[in-house]
Amino acid sequence: MSTYAQKKGFGATLWDFLTTVDHKKIAILYLIAGGLFFLVGGLEAVFIRIQLAVPNNDFVSAGLFNEIITMHGTTMIFLAAMPLIFAFMNAVMPLQIGARDVAFPFVNAVSFWLFFFGGVFLNLSWFLGGAPDAGWTSYASLAIASKGHGVDFYILGLQISGFGTLMGGINFLVTIINMRAPGMTYMRMPLFTWSTFVTSALILFAFPPLTVGLVLMMFDRMFGAHFFEAAMGGNTIIWEHLFWIFGHPEVYILILPAFGIFSEIFSMFSRKRLFGYSSMVFATVLIGFLGFMVWAHHMFTTGLGPVANAIFAVATMAIGVPTGIKIFNWLFTMWGGSVKFTTPMHYAFAFIPTFVAGGVTGVMLAAAAADYQYHDTYFVVAHFHYVIVGGVVFALLAGTHLYWPKMFGTMLNETLGKITFWTFFIGFHMTFFIQHFLGLWGMPRRVFTYLPGQGFETANAVSSFGAAFMSVGVIVMLINIIVTSVKNVKVGNDPWGDGRTLEWAIPSPPPFYNFKQLPLVRGLDAYWIEKMEGKKGMTPAEPLGDIHMPNSSFLPFIMSLGLFIAAFGAMYHVDKVSWALPVMILGLLITFGAMFTRSVKDDHGFHIHKEELMDDDDKGVKA
Amino acid sequence: MHAEEKFTYETWPAAPEKSTLEAKNKFLGFWFFLGGETVLFASLFATYLALKDKVPNTNMPLAKDLFELPLTFVATMLLLTSSLTSVYAMYHMKNFAFSKMMVWLGITALLGAGFLGLEVYEFSHYVHEGHKFTSSAFGSAFYTLVGFHGGHVAFGLLWCITLMLRNAKRGLNLYNAPKFYVFSLYWHFIDVVWVFIFTVVYLMGMVG
């Protein structure tokens, strides 16, 4: 089964990716799909900035503008940021703990295909009568009244991809608890693994409320229920609660892995053990916990009353404490370190002031009384772009450069990488810094235009100009990816030379079984310890033996396709078209049929035999 | 230990539901899944409590007009007993008594089916009294909460029957023992959810 070294035709490669259950290939799928959605979401952002560049612009109509901002937010959060984070979690986390795969490789594939079909479904709305237009938060009173099928695409698309995310979370939790290599105790786990762990727990408890919210809205819009309709006894605020009970943990689901990636980078390129490791772990867990206690700070102006507002305001400000712990730990990691300014380190360095700025506006917004002034203005837009772009997107770009050699076996070009960084960094601050002031001057968010003489012209022009810079940065990165992929200069185990954790102890890309022999972990930064003692690699914790591997399967694709088909049926059922109900039933039959097949067909996987592993040694694959 | 290995009463491990890595993963993963399900039902309960008795006009029936103790009490007893019988099934699974396990699983499934039958009858009864899914927010919330639970029972029934049919001829091994065990966890979970529904929806509903 040692097929990784062979050249394969396009058809065979495609089939391989459609049926793979290997976490490293699933990571590549997540990276490609998430990257494409990132470009789509970025294009939508560019359209927004073109429309707002000058007053009274008619580049897009008001209705289309609503669709674009809704899809920009939804796409970036659910279809770009989360999958890209999942890409790195899949690619790196099992390697960091010394595992041969995740706990449920099959479910991992199901997770990806559910996300993929959900995302495609949502984006098909552009071609099938219009995209959702009620904002990414899709508040019920707006969403229920939205004409056409736009919001239906939102409901069903997010529902499908949300199932995938939930399963992914469970999968990572079990992997980290059950499959750590000998010696890899919890307090020796790399910070990225820790953040994956906490993030997965957040996913597990945050996604079900979204599932329920989406189900209720689906029932209201498609099956005649009245959860959100006041005239029938319903209550529109229920959606706001359910959405934000999901939505606030969601932003920590995004930012914690980003913290994890940056922790790895700071430690690697300062050539120093991470400062305050245990307080970093503590802060990560605490942020995860507090993340569930603050959802109503999104609803200060809803009218929950002063007591509720005060409690949620204080709880929100409390999150600044563990976050501050992290910021100082990163600074102290660099302090006295032998800092190497690689591309990932550029992002990490820029992240600190950027994210602190986003955090400070966060505390400003948390002051409930003051929030009445900021609410629904560009100040909020500036705040969340500072934390999400300055935190999450910087981390994703940094992670792309950092882990590219581990995922693909070749380095991205450092010069082009730094050009990407500088254009993106300058463009980002140009776009969003000025938006703080736009907000304070009174420009509301989600408006499709403004009038001349309101004092918004210059600031909006600057903001739009900055967006062009960011686009250039992304284009340079795409060129970088193409150029380096064509050159394809192969690299060894530890291409940065500063690897500290287990993933850098094995080949890039790793063989499909990852570790020929599970490594013995002797402390935090396991690989660094061995390197410092002059050893070439990890000490094995077990004799060479047969390795048990899971079989590939096409069922994850079929299972997800079934729900994709069923979603069309459910949606057009509202129009009373004759084929809708049969299509819905057909789709569900496909999904349940695939589940049934999976249940009754035994799948014991296969074994790679000791002799084959020894053959690999001759081909130069060292574990 | 190998998943397909043949066992006897003597060689059968004490905890067959978690004696391979795959089984341990399944066991832990399912507990996490149930954690997520708990939040799911908690959200549905919260929605129900917010919309209880919220009807558009005074002619429509409220919780205290609808719910009657005898019917829901019988349904509760059926489901609670089925949880007990699934415990018996797992007891025999751990003792490698395959046919006894199958008998108790069969009884579990029958009790579950009885419960579902009563629920269908109950729903149709309410619809006749004007309490419909589409008639009010109260109706929507009631049928969604109780219906989600009913859907879980129905899925559990299909699951149980599939497991029984698939393994009817091959007895117990370390590949299917965790499957039976995980099913029993699921069955207990929907039983626990029902205890809350019985309390929050029916008992508190009858009080007013």
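The values are calculated or read from the model by the stated rules, or taken from the named source; none is laboratory data. Just so it is clear, the structure is predicted and the values come from calculations on it, not from any experiment. Ideal geometry is used to build each Cβ from the backbone, glycine not excepted, and the neighbour counts take in all protein chains shown. Side chains are part of the model used for accessible areas, which takes the heavy atoms of the whole protein and leaves out ligands, DNA and RNA. Shrake-Rupley method; radii C 1.70, N 1.55, O 1.52, S 1.80 Å.
For the condition at pLDDT below 95, away from chain B (no Cβ under 14 Å) and surrounded by 14 or more Cβ atoms within 10 Å (Cβ to Cβ), A:G620 does not qualify. Annotation for region A:200-220: at least one member residue is closer than 30 Å to A:S278 by Cα, open to solvent by 10 Å² or more (accessible area, probe 1.4 Å), part of a helix (DSSP H, G or I) and within 14 Å of chain B (Cβ to nearest Cβ).
Residue-level check: of (1) more than 15 Å from B:L79 (Cβ to Cβ); (2) open to solvent by 20 Å² or more (accessible area, probe 1.4 Å); (3) of a type outside the set (K, R); (4) more than 12 Å from chain A (Cβ to nearest Cβ), B:L110 misses just (1). Taking A:T196 as the residue in question, decide whether it is buried (at least 22 other Cβ atoms within 10 Å of the Cβ), of a type in the set (S, T, N, Q) and more than 9 Å from chain B (Cβ to nearest Cβ). Yes, satisfied. Exactly one residue among A:I585, A:I547, A:I590 is more than 14 Å from chain B (Cβ to nearest Cβ), surrounded by 19 or more Cβ atoms within 10 Å (Cβ to Cβ) and modelled with pLDDT of 90 or more, and that residue is A:I590.
Going through (1) over 14 Å from A:L142 (Cα atoms); (2) within 14 Å of chain B (Cβ to nearest Cβ); (3) not aromatic (F, W, Y) one by one, A:L254 falls short only on (2). Candidates in region B:44-78 are the residues that are more than 14 Å from chain A (Cβ to nearest Cβ) and part of a loop (DSSP other than H, G, I, E, B); of these, the one that is farthest from A:L210 (Cα to Cα) is B:E68. Every condition in (1) buried (at least 16 other Cβ atoms within 10 Å of the Cβ); (2) more than 22 Å from the chain's Cα centre (by Cα); (3) of a type in the set (F, W, Y); (4) part of a helix (DSSP H, G or I) is met by A:F448 except one, and the failing one is (4). Against the criterion of being free of Cβ contacts under 8 Å to residues at least 40 places away in the same chain, part of a helix (DSSP H, G or I) and away from chain A (no Cβ under 14 Å), B:T85 qualifies.
Picking from residues in region A:230-242 that are under 24 Å from B:T58 (Cα atoms) and within 7 Å of chain B (Cβ to nearest Cβ), the one that is surrounded by the most Cβ atoms within 10 Å (Cβ to Cβ) is A:G234.
Of all the residues that make up region A:157-188, how many are aliphatic (A, V, I, L, M) and not in a helix (DSSP H, G or I)?
Here the count works out to 3.
Residues of region A:165-174 that are over 9 Å from B:G29 (Cα atoms) and either more than 7 Å from chain B (Cβ to nearest Cβ) or open to solvent by less than 10 Å² (accessible area, probe 1.4 Å) (or both): A:T165, A:M167, A:G168, A:G169, A:F172. Scanning region A:368-389 for residues that are buried (at least 18 other Cβ atoms within 10 Å of the Cβ) and of a type in the set (A, V, I, L, M) yields A:A368, A:V380, A:V381, A:A382, A:V387, A:I388, A:V389. Among the numbered conditions (1) without any contact (Cβ under 8 Å) to a residue 60 or more places away in the chain; (2) surrounded by 15 or more Cβ atoms within 10 Å (Cβ to Cβ); (3) farther than 21 Å from A:I177 by Cα, the only one that B:M60 does not meet is (1).
Okay, residues lined up against (1) over 20 Å from A:F219 (Cα atoms); (2) within 14 Å of the chain's Cα centre (by Cα); (3) more than 8 Å from chain A (Cβ to nearest Cβ); (4) at pLDDT below 95:
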{"site": "B:S124", "(1), (2), (3), (4)": "no, no, yes, no"}
{"site": "B:G130", "(1), (2), (3), (4)": "no, no, yes, yes"}
{"site": "B:A141", "(1), (2), (3), (4)": "no, no, no, no"}
{"site": "B:G147", "(1), (2), (3), (4)": "no, yes, yes, no"}
{"site": "B:G150", "(1), (2), (3), (4)": "no, yes, yes, no"}
{"site": "B:L157", "(1), (2), (3), (4)": "yes, yes, yes, no"}
{"site": "B:K169", "(1), (2), (3), (4)": "yes, no, yes, yes"}
{"site": "B:L172", "(1), (2), (3), (4)": "yes, no, yes, yes"}
{"site": "B:Y175", "(1), (2), (3), (4)": "yes, no, no, yes"}
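When the test is whether a residue is open to solvent by less than 20 Å² (accessible area, probe 1.4 Å), at pLDDT 95 or above and within 14 Å of another protein chain (Cβ to nearest Cβ), A:F266 does not pass it. Looking at region A:561-577, can you tell me whether even one residue there is over 23 Å from A:R180 (Cα atoms), surrounded by fewer than 17 Cβ atoms within 10 Å (Cβ to Cβ) and among the β-branched types (V, I, T)? Scanning region A:561-577 turns up at least one residue that is over 23 Å from A:R180 (Cα atoms), surrounded by fewer than 17 Cβ atoms within 10 Å (Cβ to Cβ) and among the β-branched types (V, I, T). Scanning for something assigned to a loop (DSSP other than H, G, I, E, B), open to solvent by less than 10 Å² (accessible area, probe 1.4 Å) and modelled with pLDDT of 95 or more, does region A:111-119 turn up at least one residue? No: region A:111-119 contains no residue that is assigned to a loop (DSSP other than H, G, I, E, B), open to solvent by less than 10 Å² (accessible area, probe 1.4 Å) and modelled with pLDDT of 95 or more.
Determine, yes or no, whether A:G336 is closer than 26 Å to A:G399 by Cα, modelled with pLDDT under 95 and open to solvent by 10 Å² or more (accessible area, probe 1.4 Å).
So A:G336 fits the description; yes.
Here region A:574-600 is the region considered, the condition is being in a helix (DSSP H, G or I) and among the charged types (D, E, K, R), and the residue that is farthest from A:G150 (Cα to Cα) is A:R598.
Within region B:1-37, take every residue that is of a type in the set (S, T, Y) and in contact (Cβ under 8 Å) with a residue 12 or more places away in the chain and give me the one that is surrounded by the most Cβ atoms within 10 Å (Cβ to Cβ). Looking at residues that are of a type in the set (S, T, Y) and in contact (Cβ under 8 Å) with a residue 12 or more places away in the chain, I get B:T20.
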